[in-house]
1. Taking every pair of alpha-carbon atoms in region 85-157, what share in percent sits in each 5 Å bin, from 0 to the bin with the longest distance?
2. What's the carbon and sulfur percent of the chain's accessible surface, probe 1.4 angstrom, rounded to a whole number?
3. Could you compute the net charge surrounding Ala43? Neighbours are other residues with a C-beta less than 12 Å from the C-beta of Ala43; K and R count +1, D and E count -1.
4. Can you give me the relative contact order of the chain as a percent, contacts being Cα pairs under 8 Å and 6 or more apart?
5. For region 1-104, what does the accessible surface come to per residue with a 1.4 Å probe? Please give it in Å².
6. Can you grab the distance from the C-alpha centre of region 119-135 to the C-alpha centre of region 1-73, Å, no decimals?
7. Relative contact order for region 63-142: what is it in percent, counting Cα pairs under 8 Å that are at least 6 residues apart?
8. Two decimals, Cα atoms only, Kirkwood Rh: what is Rg/Rh over region 1-133?
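The values are calculated or read from the model by the stated rules, or taken from the named source; none is laboratory data. Since the structure is predicted, the reported quantities are computational estimates derived from the model, not experimental observations. When we count neighbours, we look across all protein chains shown, and the Cβ atoms used for this are built from the backbone with ideal geometry, even at glycine. Ligands, DNA and RNA are stripped out before the accessible areas are found, and what is left, the full protein with its side chains, is counted by its heavy atoms. Shrake-Rupley method; radii C 1.70, N 1.55, O 1.52, S 1.80 Å.
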Amino acid sequence: MENPDHDRFMAEALALAAQAAREGEVPVGCVVVRGDRIVGRSANRRERLQDPLAHAEMLAIAQAARDIGYWRLDGATLYVTLEPCPMCAGAIVNARIPLVVYGCPDPKAGAARTLYSLLDDPRLNHRCEIVEGVRADECARLLKDFFAGLRDRTPAR
């Protein structure tokens with residue numbers, strides 16, 4: 001069953017991802033929503049900030065916590081265009097985010113379902129509900145086009 005809110009907020013994350021691609025960043029976008037309000041938003045900023053922690057999810061979670069004035073993001077939903085990596089999954093669990101919605105799977109670092117299942121691991125103190133595949137084709141296309149463009153610009157060796 002499709003959820004219009006999932007579609008609408010994933011569109012916001014996709015717009016952030018597209019902007020990141022234009023800036024030379026891996027195109028991943030994330031929004032954190034509480035109620036019907038976006039309380040955190042970001043795209044990847046690793047290149048711009050020269051910071052290995054500057055994933056879209058990490059930055060959006062930090063912004064959301066500042067916005068609401070509390071580190072526990074109870075009642076929030078995190079929307080991200082690419083399945084979270086282990087670092088981001090750990091931050092999501094620690095922020096107590098109850099619902100994670102992602103676009104496409106990450107075959108190299110996916111920690112929600114693909115390689116690991118950190119978000120709903122019963123051994124952890126918090127588990128998230130997961131909705132996968134929202135606007136997956138659009139999310140995957142952004143990534144494929146970005147990396148194809150990088151390969152086209154890389155001189156042959």
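1. Spelled out bin by bin, region 85-157 gives 3, 16, 22, 20, 14, 10, 7, 5, 3, 1 percent.
2. Values: 4360 of 8440 Å².
The value for the chain is 52 percent carbon and sulfur by accessible area.
3. Details: positive: Arg22, Arg41, Arg45, Arg46, Arg48; negative: Glu12, Glu23, Glu25, Glu47, Glu57.
The answer is 0.
4. Details: 337 pairs, mean separation 29.9, N = 157.
Reported relative contact order: 19 percent.
5. Working: 4550 Å² over 104 residues.
Averaged over the residues of region 1-104, the accessible area is 44 Å².
6. The two parts, judged by their Cα centres, are 18 Å apart.
7. Details: 154 pairs, mean separation 23.7, N = 80.
Relative contact order for region 63-142 comes out at 30 percent.
8. 0.93
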